1. For the chain, what does the helix formula give at 222 nm: sum of -39500 (n - 2.57) over DSSP H segments with n ≥ 4, over the residue count, nearest 500 deg cm²/dmol?
2. If we count every other residue with Cβ under 10 angstrom of Gly87's Cβ, Lys/Arg +1 and Asp/Glu -1, where does the sum land?
3. For the chain, take the longest principal axis of its alpha carbons; what is the angle in degrees between that and the long axis of helix 588-598, to the nearest 10 within 0 to 90?
4. In the chain, once you exclude exposed trypsin sites (Lys or Arg not before Pro) (DSSP loop, at most 12 other Cβ within 10 angstrom), what's the longest stretch remaining?
5. Lys/Arg Cβ at +1, Asp/Glu Cβ at -1, dipole of the chain taken about the Cα centre: which of Ser196, Tyr569, Ile122 is farthest positive-ward?
6. Between Ile26 and Phe451, what length comes free when the chain is fully extended (0.36 nm per residue of separation minus the Cα-Cα distance, one decimal in nm)?
7. Run through the DSSP bridge list for the chain and note the antiparallel percent, rounded to the nearest 5.
8. Relative contact order for the chain: what is it in percent, counting Cα pairs under 8 Å that are at least 6 residues apart?
Amino acid sequence: MSFILLLLVSFNSGAFGSFSLKFSSIETTAVNVRDVALQFSWVDTDHIDLLLDAKYLNTVLPGEFKDAQVDCRGAYFNGEILICQKGKLVAQHPEFGKIQASLNFTYKLQHGLLDLSMQARIGSTSSMTIDIKQAAESQQTLLELKKIEVTLLQALLEQYEVLAEHTLTTGLLDATVNIKSQQDRLTEIDSKLFLSDFGIDGESILEGVTIASQLSAISNENNWMIISDSQFKKGAMYLSPDIIILNNRPGIYLELMDKPISIQANLQWQTETKRLNIDELIYEHSDHLSLRLSSDIAFQQELKIDSLALDIRIPELQKTFPVYISPFLLQTNFSDIETIGAINLTTVFEDNELQKLMLKIDDVFIEDKLSRYGLSGLSADFSLSSQTELLLSELSWQGLSLYRLNLGAGDITFESSEKNINIIDWQDVDILDGKLLINGLSMNNVGTVDFELLVDGGFEDVSMQSFTQAMGWPLFKGDLSSAISGFKYSHNSVQIDGDILIQAFNGDVVLQQPKIDDLFSDFSNLSTNILVNALDLEQLTDTFSFGKIEGTLSGKMLNLKLEDWQPVYFEAEFSTQEDDDKPHRISQKALENLNQIGGGLSGTLSSGFLKFFPTYSYGHIGISCRLYRGVCELGGVENTEEGFYILTRGGLLPPWVEVKGTGRSIVWDHLLDGLKRITEGDVSLE
């Protein structure tokens, strides 16, 4: 460009009234144009008319102008400087549409320096101003946008993959951007942005949001220091990050209204190493959440977080949980709870390993809406470190419930080192009318996917009456006790190496090494074997209002599997003992009820001579069931051609009775409903 204008001066203006030239491109540090046609017309010795047509024109604005035309009449030109005071620009822009602007500029030929000021109106209300000032080795560009309709920026939005599927719906933009460069290198950027009534639609949604933002960025060779401050007010936001947690894409809904959100950041970007240092990022949402974060992130072939320090303050958990926590727990049993209290959490990670954790919990209450668990008065001052130094922690609660079991208050003191935790003091916890004893407790690999909890302890003096009452079962007599030598929680599963002993009805019921998988999911399942030894049938049948049966019952239930706490498979058989020293007698009511299960007693006991006897003698009683796919395959103590015996003849004194089973299978749910009606006094299984 400078060469062309200098060439014009070398000619006599009187000899050349006008001429045209074409170029493939003209480039300056501020403006680049391609497919250019220039036309010069001398007005007098110091003034020319300048026309420029360019197929493409690039400025500091995003997007490329097309079919640009600059018209400058009567420009001052003396061979060293070109001054245009009343120029006009017409062009097409992909976002803003047709642009009509007034401009003035000064161009110094020998140095190739341009000072330019341009003002343009967009539509009926929008306008923009561009000021470019060049010195020998530097340039400053000021861009001002006023009342720009954000829908005009849709094409710009589509250039970013994360936002490409979103649609700008409403909003006006006011912005000021000041860009400084030196020797064709950006050195400083200062910007202010104000968006009113901003709306966007897509995976994430914003409606009527006001955004005020400031950003300052300074370059030091290959490093950028960036400071930003943004405020989000009014309106509502639904944010759905592109992450999957437990097969669910979480979404956070924020109603700003009188609860604005503030985000402040102090960053460093290293261009050559592609490393982002977050010196401090502060997120503040009044009454909901305060978050401070620092991190060192490498953007190489794979994103690598070398370090992360996070400090979270939750002043009112009842406000924070449904907004910020529950959306990430939708596929767990913790998504639908009511909670109050306050939590402060500080964590430090390095190379994906937890180095430090400090947790302070103040009087937290948790209630599951489905009554599966509950916690009251939880307080904690908990510390954990990867270092060898011992740290002391305390944990206490006022009340704890798991399904229908209510536990009393607890108080635990821990010591931790190298991400492992051991209990050093424990207050035995009341469980119903007994105690939950803990002889040892440890947690290993805290903060990793290999976290595990190990407990040695047991139950003491828990009466079966209080336990069955709490579970909503018929009241049992006896005691529940257990010495648990190997309780282990790991990867959402519980394994007990020891057995749980239930002493009831003068006998023993043993659960052998029960295991629970997917404990905190909607499809938890339990597996165990149950052994029954010498239960007093008289106590058992009196408990269930079944009618009186005398004798001693033993048996087993092998390969028991419960899914969502409902039985789906087992192999069970129970019968009186061969060497039973108790009399085998059965009441009329019990015999009628037993007949309803087997369906084999001829006639009823309400007619004939049998109705005059209150009890009857029997030989053996027993039943077996193999549950599979919702159907119970039945059996008894002896097989017959037609079926099996549930009750055989025998005993010392007449009359002797027997009960046959004629059906080999029954739907499990129908059997349970029938047994329930029997215990309630309705002997019909139909």
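What follows is calculated from the coordinates using simple rules that are stated; it is not laboratory data. The structure displayed is predicted, hence computed values, not measured ones. Because the Cβ atoms are built from the backbone with ideal geometry, glycine has one as well, and the counts that use them run over all protein chains shown.
1. Details: 7 runs with 54 residues, N = 686.
Calculated from helices alone, the mean residue ellipticity at 222 nm is -2000 deg cm²/dmol.
2. Details: positive: Arg73, Lys86, Lys88; negative: Asp71.
For residues surrounding Gly87, the net value is +2.
3. Helix 588-598 sits roughly 50 degrees off the main axis of the chain.
4. Numbers: sites that count: Lys274, Lys369, Arg629, Arg664.
Between the exposed loop sites, the longest stretch runs 1-273.
5. Result: Ile122, furthest along the dipole toward the positive end.
6. Numbers: separation 425, 0.36 × 425 = 153.00 nm, distance 6.49 nm.
The span from Ile26 to Phe451 would gain 146.5 nm if fully extended.
7. Values: 307 of 308 bridges.
Among the beta bridges of the chain, antiparallel pairing accounts for roughly 100 percent.
8. Numbers: 1848 pairs, mean separation 25.2, N = 686.
Here the relative contact order equals 4 percent.
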